[in-house]
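Worksheet: one structure, shown below.
Just so it is clear, none of the values below were taken in a lab; they were calculated from the coordinates. Bear in mind the structure is a predicted one, so any value in this text is a computation, not a measurement. Quick reminder, even Gly has a Cβ in these numbers, built from the backbone with ideal geometry, and neighbours come from all protein chains shown.
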Amino acid sequence: MKEWLYQLLSPDFNVCRSPRSYNSQVGVPLSVWLTNPHNDLAIIEAGISQSGEMARLERIVKPTIGVMTNLGVAHQENFMSYDIKCAEKMLLFKGCQTVVINSEDATIQKCADTLPENVRRVKLQVRQVEKNNDHATIHFEYGGQVGQYTIPFIDDASIENSITCFSTALLVFSDDIHVLCERMSRLEQVAMRLEVKDGKNGCTLINDSYNSDVQSLDIALDFMSRRPETKKQHRTLILSDILQSGEAPKSLYSRVAQMAVSRGIEKVIGVGEELTACADYFPMEHYMFRTTDALIRSQVFEQLRNEFILVKGARRFHFDKVSDLLTLKVHQTILEVNLNALVNNVRYYRRFMKPETKMVCMVKASGYGVGSLETSKTLQDNGVDYLAVAVADEGADLREAGITANIMIMNPETTSFKMLFDYSLEPEVFSFDLLEQLIYAAEKEGITNFPIHIKLDTGMHRLGFNPVEDMPRLIERLRRQTALVPCSVFSHFVGSDGDEFDTFSRRQFELYDRASRQLQEAYPHKIIRHICNSAGIEHFPEYHLDMVRLGLGLYGINARNNHILNNVATLKTTILQIRDVPKGDSIGYSRRTVLERDSRIAAIPIGYADGLNRHLGNRGCYCLVNGQKADYVGNICMDVCMIDVTDIDCQEGDTVEIFGDHLPVTVLSDALGTIPYEVLTGISNRVQRIYIQE
Ligand SMILES: *Cc1c(COP(=O)(O)O)cnc(C)c1O
């Protein structure tokens, strides 16, 4: 809504808006700070997670127009009821001249009734909503007149948001309703994501070629400066003229230049008349071009090497061409990783937990295949208590990349003890042998009180101390040294994902409970107790104890019912070639699929070397092409496989979804008779991971 309002109003007004989702107790003040004397309007987003917060925000924002968006259920856990949350939100509007609300929502209407008399209520009556193929028409009545507008979206959320945006925009320029209707028809999908991609010639790319204004430039520069790549690569900014800033070029571009300096930009490549005229403001290496084509044809463009490049341009400059040319296209198969979904999954599990319960996020096996560095960074930014990886090398990589959160090592190997100490990686200790070696290594280094995590085997029979027989000796040995200190004690459920194992799980817990208490009694400091994995978090709230360990759930997969919550990973590729093959011909090696009708067969660049299991071939499963199911036909080859697109309207170059947002990874794991963990962790390293974040 905020971005749409911006699209509607920015052609006529100089509009400042909250960046991204800066709507919290911290985000709102930061947004307000961004306003400057040139702005005609500020669109400030405000959200609350607890009662009492809105009153504070009201004093900071003091809005003249109040807009209530769809109320939603976020943070509902902290409010007694939906009504109370609504009433709390309404506090923001008590000093407004006008409010825009959805009066069809009885709760909102009731709350709005409590606003002071002099607050004007706008009435836009929606008569009818017509949905067509690719657009919706909204018929309305406003101030005694009837009219209609069209939007290029048909989903309900977009329609509802459009009504609120339209009503709000009407307040600001009520004279010309036709202009507004025209703009409604051109509303664009909001691209709030900053993508990081591998570029050609060793470059890394942040593609933000959708808009250019000073605020979003600042955000993108900030995002860039926090990326690990900046350690190794020089920072380059490719920027177009900034349109409709309302500011004189001189002050605008000297401000932009300052920003670039403060974020460590070493090279600026500008496109546009204004930038060309203002080249001298940029103290670093700079090159200016009048047009995008001139840039693309230049030596400067040709010679970009090992740089970390932010591409930022107003739509009119078609910088998508620039980023397309810079993007590396070796293998068109990618694993797209949605970091926002990851955060939402953490929030989902948090809802089952007491606020004081800690959480370990399992990023072992390269973050269940999606990559541990990006996920760890995101989790660290969201205040996770612990990260857990399988081996010390993975932990050291995270430290090298700037991860400072606590890191637990699940399988410390004998060779890596020095690495544990050097990088402050906390090992899990599961046997006397390992314990002795660790004590020896730590004492040799003169280390004291190094945190370790004691693992008990309560039924898995994999790794761990025996919770009955080993306890006295373990406690005695630990007490007799000062090199190591037990920081936590844990065990692992064998079957928290199935009701049929409940009796066994409870027995595991009892064993664990007794042994862990014994250990605690031997120490004056608090020893963290934890036993639940993802499935356990949902199923055994009474066993959360001090901490839980979230693994599969982080990636959106519910191990209990195989449903996908917020999908994190999408494996995609593109069609290389399509051919017609007559009935009776066979496809692929060993003639395993013989066609029963005349068919159209597409080849896609993904094979078992990418982690696509051979058992999916010969109609063992399907992928999605333009939303429709296409069977794998023939044996899956090493780098390529074939799919049946006979009934699908598609062409070469079209995207194919192997699994992801529209095809749950569990469809593949079910077809293979395995678990989603195996499919995810099996995606090979050569598949490029692309991370997206709002
Ligand atoms: C992998 C792992 C987890 C996470 O399990 P999920 O089922 O993925 O939630 C928890 N604890 C231990 C010890 C693990 O090895």
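Below are the figures for this structure:
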{"item": "Segment 534-573: trypsin sites (Lys or Arg not before Pro) in DSSP coil with no more than 16 other Cβ atoms inside 10 Å", "result": "Arg560"}
{"item": "Segment 565-668 pair-distance distribution - Cα-Cα, 5 Å bins, rounded %", "result": "3, 14, 26, 27, 19, 9, 2, 1, 0"}
{"item": "Dipole axis of segment 338-473 (+1 Lys, Arg; -1 Asp, Glu on Cβ), positive-most option in Gly459, Tyr348, Leu420", "result": "Tyr348"}
{"item": "Distance in nm between pseudo-label sites at Gln688 and Thr35 (7 Å out along the Cβ direction from Cα)", "result": "4.3"}
{"item": "Translational diffusion of segment 108-218, µm² s⁻¹ [Kirkwood Rh, Cα pairs; Stokes-Einstein; 20 °C; 1.002 mPa s]", "result": "126"}
{"item": "Value at 222 nm in deg cm²/dmol, rounded to 500, when DSSP H runs of n ≥ 4 in the chain each add -39,500 (n - 2.57)", "result": "-9000 deg cm²/dmol"}
{"item": "Contact order normalised by residue count of the chain, Cα under 8 Å, 6+ apart, percent", "result": "9"}
{"item": "Counted charge near Ile48, where neighbours are those whose Cβ lies closer than 9 Å (Asp, Glu -1; Lys, Arg +1)", "result": "0"}
{"item": "Placed amide H near Gly270: partners under 5 Å, 5+ positions off or other chain", "result": "Leu239, Tyr287, Met288, Phe289"}
{"item": "Cα-projected label distance for Glu521 with Gln437, points at 7 Å along beta-carbon direction, nm", "result": "3.2"}
{"item": "Angle in degrees between helix 214-225 and the longest Cα principal axis of the chain, rounded to the nearest 10", "result": "20"}
{"item": "Percent of beta bridges antiparallel (DSSP, the chain, rounded to nearest 5)", "result": "45"}
{"item": "Charge dipole of the chain about the Cα centre (unit charges at C-beta), most positive-ward option of Cys86, Ile675, Gly611", "result": "Cys86"}
{"item": "Qualifying trypsin sites (Lys or Arg not before Pro) for segment 115-157 [loop in DSSP, other Cβ within 10 Å: at most 14]", "result": "Lys123"}
{"item": "Summed side-chain charge close to Asp513 - residues other than Asp513 whose Cβ falls under 13 Å, Lys, Arg +1, Asp, Glu -1", "result": "+1"}
{"item": "Cα centroid of segment 257-316 to Cα centroid of segment 470-505, whole Å", "result": "58"}
{"item": "Karplus (6.51, -1.76, 1.60) ³J(HN,Hα), θ = phi - 60°, over segment 19-24, in Hz, Gly and Pro reported as x", "result": "x, 6, 10, 6, 10, 9"}
{"item": "Check: the chain dipole with +1 on Lys, Arg Cβ and -1 on Asp, Glu Cβ, in debye", "result": "920"}
{"item": "Stretchable slack from Gln97 to Gln244, in nm (0.36 nm times residue separation minus alpha-carbon distance)", "result": "50.2 nm"}
{"item": "Largest-first ellipsoid semi-axes for the chain, taking √(5λ) over the Cα gyration tensor eigenvalues, angstrom", "result": "46, 34, 30"}
{"item": "Degrees between helix 502-521 axis and first principal axis of the chain (Cα, 0 to 90, nearest 10)", "result": "80"}
{"item": "With Cα atoms, 0 to 90° folded angle of helix 249-262 axis to the chain main axis", "result": "10"}
{"item": "5 angstrom amide H check on Ile557, placed H, neighbours 5+ away", "result": "Leu565"}
{"item": "Per-pair calculated FRET efficiency, R0 = 56 Å: Ser49 and Glu302 via Cβ, rounded to 0.05", "result": "0.65"}
{"item": "Interchain or long-range residues, amide H under 5 Å from Phe308's placed H", "result": "Thr204, His234, Arg235, Thr236"}
{"item": "Contour excess over end-to-end distance, with Cα ends at Arg316 and His662 and 0.36 nm allotted per residue", "result": "121.3 nm"}
{"item": "Over 27 Å (Cα to Cα) - which of Lys231/Lys267; Lys321/Lys364; Lys377/Lys444 fall in this group", "result": "Lys321/Lys364; Lys377/Lys444"}
{"item": "Whole-Hz ³J(HN,Hα) from phi, Karplus 6.51 cos²θ - 1.76 cosθ + 1.60, for segment 348-360, glycine and proline x", "result": "4, 5, 4, 4, 8, 10, 6, x, 7, 6, 7, 9, 9"}
